[in-house]
Ligand code: C2E
Ligand code: CA
Ligand code: CA
Ligand code: CA
């Protein structure tokens with residue numbers, strides 16, 4: 001065995017050790033955050049493009065770091081998915097979103113909440129929702145649950161069952177990040193969803209990239225063909241609004257239309273502390 005082989009082995013082990021330590025660090029950190037409830041909820045408007053009315057907000061999670069900084073879900077959700085902690089987190093988000101919803105639904109506002117792929121296997125989810133709906137007085141008709149296309153397609157029969165169960169409770173459903181896996185066109189007719197959220201990657205390149213135009217037009221046609229409402233993500237400039245409207249896309253979400261703000265600010269009279 002040469003010294004270069006030995007060196008290679010050592011550096012591979014070193015990297016594996018770093019990765020493991022990083023994972024252990026995050027699992028502990030997430031555990032602590034769950035225990036101390038050090039999460040914050042943001043809300044981003046989803047705008048009806050025809051009249052720019054906002055009656056929907058997507059709820060987006062942040063973790064409060066030890067020094068008070070807000071940590072993006074991109075940093076901890078993949079880890080929480082691997083460890084299974086995401087199921088507890090999803091329930092926490094649902095509980096707090098329903099509390100907020102009970103205070104604003106009278107104004108005709110709906111909240112869209114993200115569910116991870118793992119929550120498709122949370123057998124108590126329906127019961128949990130029933131109890132929380134009863135406890136908070138939130139109206140399920142004002143709750144939209146988002147599941148990513150990837151999760152729905154990799155786990156098609158669970159997804160179909162869970163989406164149907166959510167609809168049976170009176171909730172609406174959305175297929176998030178749509179278009180990334182083209183095969184899903186085929187599945188769409190069989191999934192009980194109300195909304196299709198077109199992945200932001202196609203929208204942010206829409207004006208400059210003719211291929212994105214073909215794809216987005218096709219998704220819009222398929223959505224309306226199946227009787228589903230389309231939402232475009234990542235609407236970052238005004239020029240997109242007439243273009244999306246011309247494709248028959250009803251709703252838009254993105255930094256140009258409104259950035260995520262604390263849920264308490266999106267909903268005057270509801271402070272995050274009050275909902276705890
Ligand atoms: P997502 O569900 O696709 O959410 C949209 C993400 O795009 C959000 O990032 C939002 O802040 C960002 N965004 C919105 N408009 C624009 C825009 O115009 N340009 C750009 N570049 N970005 C925009 P965020 O809040 O960092 O969330 C990232 C992902 O983390 C979400 O993607 C979702 O998959 C996951 N996530 C967030 N909150 C939750 C949650 O409560 N539960 C679960 N399970 N996942 C969540
Ligand atoms: Ca989403
Ligand atoms: Ca999305
Ligand atoms: Ca996404």
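The values are calculated or read from the model by the stated rules, or taken from the named source; none is laboratory data. Since the model is a prediction, treat every value here as computed from it, not as a measurement. All Cβ positions, glycine included, derive from the backbone under ideal geometry; neighbour counts span all protein chains shown.
So that you can scan it fast, the table gives a plain yes or no per residue for (1) away from ligand 4 (no atom under 16 Å from the Cβ); (2) in contact with a strand residue (DSSP E or B) (Cβ under 6 Å, 6 or more places away or on another chain):
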{"position": "87", "(1), (2)": "yes, no"}
{"position": "115", "(1), (2)": "no, yes"}
{"position": "123", "(1), (2)": "yes, no"}
{"position": "138", "(1), (2)": "yes, no"}
{"position": "158", "(1), (2)": "yes, no"}
{"position": "166", "(1), (2)": "yes, yes"}
{"position": "170", "(1), (2)": "yes, no"}
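Looking at residue 251, is it under 19 Å from the mean Cα position of the chain (by Cα), crowded, with 21+ Cβ neighbours inside 10 Å and closer than 30 Å to residue 97 by Cα? Answer is yes for this residue.
When residue 8 is tested against (1) more than 19 Å from the chain's Cα centre (by Cα); (2) within 30 Å of residue 257 (Cα to Cα), only condition (2) is not met.
Restricting region 260-276 to residues that are under 15 Å from residue 55 (Cα atoms) and part of a loop (DSSP other than H, G, I, E, B), the residue that is modelled with the lowest pLDDT is 268.
Only strands (runs of 3 or more DSSP E) whose full extent lies in region 140-246 are considered here, and the ones with at least 2 residues that are in contact with a helix residue (DSSP H, G or I) (Cβ under 8 Å, 6 or more places away or on another chain), in contact (Cβ under 8 Å) with a residue 60 or more places away in the chain and crowded, with 18+ Cβ neighbours inside 10 Å are 172-178. Exactly one residue out of 66, 78 is within 16 Å of ligand 4 (Cβ to nearest atom) and free of Cβ contacts under 8 Å to residues at least 24 places away in the same chain: that is 78. Quick one: is residue 97 without any contact (Cβ under 8 Å) to a residue 24 or more places away in the chain and touching a strand residue (DSSP E or B) at 6+ places or on another chain (Cβ under 8 Å)? So residue 97 does not fit the description; no.
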